[in-house]
Each structure stands twice: as structure tokens, then as C-alpha cells.
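Working notes for the structure below.
Read the figures in this text as sums done on the coordinates, not as results from a lab. Keep in mind it's a predicted model, so treat the numbers as computed, not measured. Ideal geometry is used to build each Cβ from the backbone, glycine not excepted, and the neighbour counts take in all protein chains shown.
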Amino acid sequence: MSDLDFVEKLLAARYSCRAFKPDEVPRATIERVLSAAQKTASWCNSQPWQVTIFSGEAARKFGDDIYKAASSGAHGEWDFPHPREYKGVYLDRRRESGFQLYNALGIPRGDKAAYQKQMLENFRFFGAPHVAIVTTAEELGVYGAIDCGGYVSNFMLAAQAAGLATVPQAALAGYSDVVRKHLGAGDERKVVCGISFGFADSSHKANSYRTTRASVPEAARFIGG
């Protein structure tokens with residue numbers, strides 16, 4: 001198997017896990033994933049990401065606080081602008097993804113109360129024993145956040161290679177004030193996202209489907225050559 005074959009296999013196997021087993025991941029495995037992700041390329045090699053891993057009692061306290069904030073109905077604070085609008089193919093893809101999840105869980109279309117209940121599972125980390133919070137330096141702006149996006153992808157790929165499941169969560173960044181309180185950080189750190197991770201509960205219906213991907217011709221074009 002070539003290196004490219006192996007990368008393609010990992011990418012094809014990775015998915016956003018929405019139900020985890022409670023078993024904790026050994027610290028040595030987490031550190032190896034972090035070491036691999038640290039190889040991520042960044043603008044001027046600035047490496048703007050800082051990652052905090054919550055586990056055990058710390059994860060439970062963090063989860064309790066952010067779940068309480070999200071379920072209260074109060075609007076959270078985002079450090080980066082939320083998408084202004086989903087339309088066209090982006091709206092189609094968002095709807096398809098959502099309905100795949102709801103159908104897998106047996107949630108009837110239009111049941112907004114059930115949609116909301118499932119959304120709140122983000123703030124329980126979908127049962128994952130660990131959640132990583134990724135932040136960037138405020139002064140680096142959007143390009144610092146872009147570099148963090150590359151880091152998140154490499155973290156998830158390394159985790160997949162280690163036999164772990166992951167789910168990237170922008171939802172957690174929507175309560176940046178709660179996140180910063182648990183990080184003990186000030187406004188100089190901007191919250192990009194969270195990554196809940198652990199061992200997948202493969203028997204759970206939430207993990208029974210896979211989202212589709214656009215074809216290469218839909219996403220890329222060649223000029224010249």
C-alpha cells in the first residue's frame with residue numbers, strides 16, 4: 001500500500017462521530033496524536049493553535065456549564081462571525097446532512113423540539129470522554145483561524161490512524177465566554193472550535209450513516225496545462 005493509498009483509506013474511514021463509548025483514551029495515545037498534528041503547516045510557521053484537552057471531572061464540569069448555557073435559550077458569544085447565510089448548494093448540503101442524522105435517529109421531519117434536543121447533545125460532547133478546545137491568537141485574525149483549521153484536520157486524521165473517533169464542533173465556540181472561563185484564558189485567545197474524541201459507539205444509530213461529498217469536478221477546476 002502506497003502512502004497515498006493509506007491517506008485515502010483514513011480519509012474515507014473518518015466521519016463525525018455522534019455517539020461515543022465512555023472509555024478514556026490512554027494519555028500516551030493522546031500525546032502521540034497531538035505530536036502528529038503539531039506538524040501542521042501554518043503561515044510563517046506561526047503555529048497559532050493552542051489546544052486544551054478536558055478529561056474526567058474537568059470535562060464533566062465544563063460540559064455541565066456549557067450545556068446549561070446552551071439550553072437556557074440565551075444567545076452565546078462567537079469570537080468569529082457566524083455564517084451569514086446558507087443558500088444554494090450549501091443549504092442543500094446542510095439540509096441533507098441534518099436529515100440524514102434525524103432519519104437515522106427516527107426523528108420525524110419538522111419535529112423542532114427533537115431537533116433542538118439532538119443539537120444540545122453537542123454540549124454533552126456526544127458522550128465522549130475527552131474534548132479538545134482549539135484557540136488562536138487574537139492578533140493573527142482570520143489567518144490564525146485558518147491555520148487552526150488545518151490543525152483540526154490533521155488532529156482528526158491522526159486520531160483516525162490511532163483507532164479513535166472524532167467530531168469537530170463549531171457549536172462549542174458559540175459560547176466562547178464559558179469556554180474561556182474553563183480555559184482560564186483572556187480575550188487574547190479566540191475560540192475556534194472543539195473536537196470531542198474517544199472510542200466510537202459503533203452500534204449507535206447516530207453513527208449509522210455517512211455524509212456525501214462533492215465530486216472533484218464540482219470542487220476543482222484546472223486552468224492551463
* Asked: Put +1 on the Cβ of every Lys and Arg and -1 on every Asp and Glu Cβ in the chain; which of Gln160, Gly73, Tyr102 then has its Cα farthest towards the positive end of the dipole?
  -> Tyr102
* **Dipole moment magnitude, nearest 20 debye, the chain about Cα centre, only Lys, Arg, Asp, Glu C-beta charged** => 640 debye
* Structure fact -> Expected max-MSF residue from Asn45, Asn103, Asn154 in the GNM of the chain (alpha carbon, under 10 Å) is Asn45
* **Cβ-derived FRET efficiency at R0 22 Å, Ala220 paired with Lys9, nearest 0.05** => 0.55
* Given labels modelled 7 Å from the Cα in the Cβ direction, how far is it in nm from Arg213 to Glu96? -> 1.3 nm
* To do: Sketch the reach of a paramagnetic label on Ala170 as a point 7 Å from Cα along Cα-to-Cβ, and name the residues of segment 106-123 whose backbone nitrogen lies under 20 Å away.
  => 115-123
* Structure fact -> Relative contact order as a percentage, the chain, C-alpha pairs under 8 Å and 6+ apart, gives 37 percent
* Structure fact -> Amide H contacts under 5 Å for Phe20, restricted to residues at least 5 apart in sequence or on another chain and with H modeled in the peptide plane, are Ala128, Asp201
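Using a 10 Å Cβ count of at most 14 others and DSSP loop calls, identify the longest part of the chain lacking such trypsin sites (Lys or Arg not before Pro). Display every interim value, and only then the final one.
Numbers: sites that count: Lys39, Arg84, Lys87, Arg109, Arg210, Arg213, Arg221.
The reported range is 110-209.
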* Counting pairs on different chains as well as pairs 8 or more places apart, how many Lys pairs in segment 15-212 have Cα atoms under 26 Å apart? -> 19
* Structure fact -> Of the convex hull enclosing the alpha-carbon atoms of the chain, the direction-averaged projected area in nm² is 14.8 nm²
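Taking only DSSP H segments of four or more residues, each worth -39500 (n - 2.57), what value at 222 nm results for the chain once the sum is divided by all its residues, to the nearest 500 deg cm²/dmol? It would help to have the intermediate numbers written out before the result.
Values: 8 runs with 96 residues, N = 225.
So the calculated ellipticity at 222 nm is -13000 deg cm²/dmol.
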* Asked: Taking each full run of DSSP H in the chain as one helix, which ones are at least 30 Å long along their axis (Cα atoms) and have mean Kyte-Doolittle hydropathy of at least 0.0?
  -> 141-161
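Taking the number of other C-beta atoms within 10 Å as the exposure measure, put Asp5, Asp147, Asp64 in order starting with the fewest. Could you put the intermediate results ahead of the total?
Details: Asp5 9, Asp147 24, Asp64 12.
Fewest-to-most Cβ neighbours within 10 Å comes out as Asp5, Asp64, Asp147.
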